[in-house]
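Before any comments, here is the structure.
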Ligand code: URA
Ligand code: SF4
């Protein structure tokens, strides 16, 4: 799809969502919240459902949880408009109650169609309802910060999912804030790994824009290395940090499934390494070859 086709298709889905009556949430919503961000992104964040602020503004993650999400996105050098943000249900459950199974089922086709259009490399799940959509049966406390392939039936035909807690949960339990920052710091590497796992674009529909390198259509057989990545930059953040830490840190999860293991290994840490909390940040440019139509935030 061209950038124009993608934004047109997303706009049509959003129009349907705004007038949708497929479930009871239509009767209590102020405004439906289809989603927003870059139609050309490779990274989609999926939350649970709109809260009060979102219901009033028609935009996802604009309250306190949204401010924390923005902060997290910023910590890896990305901006909100570089990614796409949406929810499992597009209308607010009254009183912020959990969405009901039949509401999620009624709304699922919208998320599926959005993912078909966006064709992301990486889906970031926020909270347990989003987790349930992309990693059925998984427990958030066990899988947060880990990555695994996404069932193409979700609409994301060649993606991996990273599980994160919900930012609202982190606002209630401050120890989760650090956990979320830590999980977020692994996401640029997760994107690199997720890209490497995607098949080459079909020859009759090159995804690469005119500025893409000529080898962009080659299958990527090996795990990500700087030479194989068609991305603009991969540089360690010039932190005052004494030691460029765990690029190679093992995941602390008891059952990490295909954990995010940065390939951009820093040199082996010295024996006397003390500060293990400092993570190396990769500067990874999202979708450099999708020739975005615009750099502006798009509401859908
Ligand atoms: N919580 C969510 O899950 N989604 C939003 O859009 C806002 C808060
Ligand atoms: Fe339609 Fe989804 Fe809103 Fe229900 S939650 S009315 S299915 S858009």
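Determine the shape class of segment 1-98: with a ≥ b ≥ c the square roots of the Cα gyration tensor eigenvalues, call it rounded for a/c under 1.5, and otherwise prolate if a/b is greater than b/c, oblate otherwise.
Oblate is the answer for segment 1-98, as a/c is 1.5 or above yet b/c matches or exceeds a/b.
For segment 28-72, what class follows from the C-alpha gyration tensor (a ≥ b ≥ c being the square roots of its eigenvalues): rounded when a/c is under 1.5, otherwise prolate if a/b is larger than b/c, else oblate?
Oblate, since a/c reaches 1.5 and b/c is not below a/b.
What is the extension gain from residue 74 to residue 157, computed as 0.36 nm multiplied by their sequence separation minus the C-alpha to C-alpha distance, in nm to one decimal?
Full extension of this stretch gives 27.2 nm more.
Let a ≥ b ≥ c be the square roots of the eigenvalues of the Cα gyration tensor of segment 74-170; is it rounded (a/c under 1.5), or, if not, prolate (a/b larger than b/c) or oblate?
In terms of gyration-tensor shape, rounded.
Compare the peptides 56-67, 32-43 by average per-residue count of other Cβ atoms within 10 angstrom and give them in order, highest first.
32-43, 56-67
Which FRET efficiency value, to the nearest 0.05, do you get for residue 296 and residue 100 by plugging their Cβ-Cβ distance into 1/(1 + (r/R0)^6) with R0 = 45 Å?
Working from the Cβ atoms, E equals 0.80.
Here, each number is a calculation from the coordinates, and none is a lab measurement. Quantities reported herein were computed from a predicted structural model and do not represent experimental measurements. Ideal geometry is used to build each Cβ from the backbone, glycine not excepted, and the neighbour counts take in all protein chains shown.
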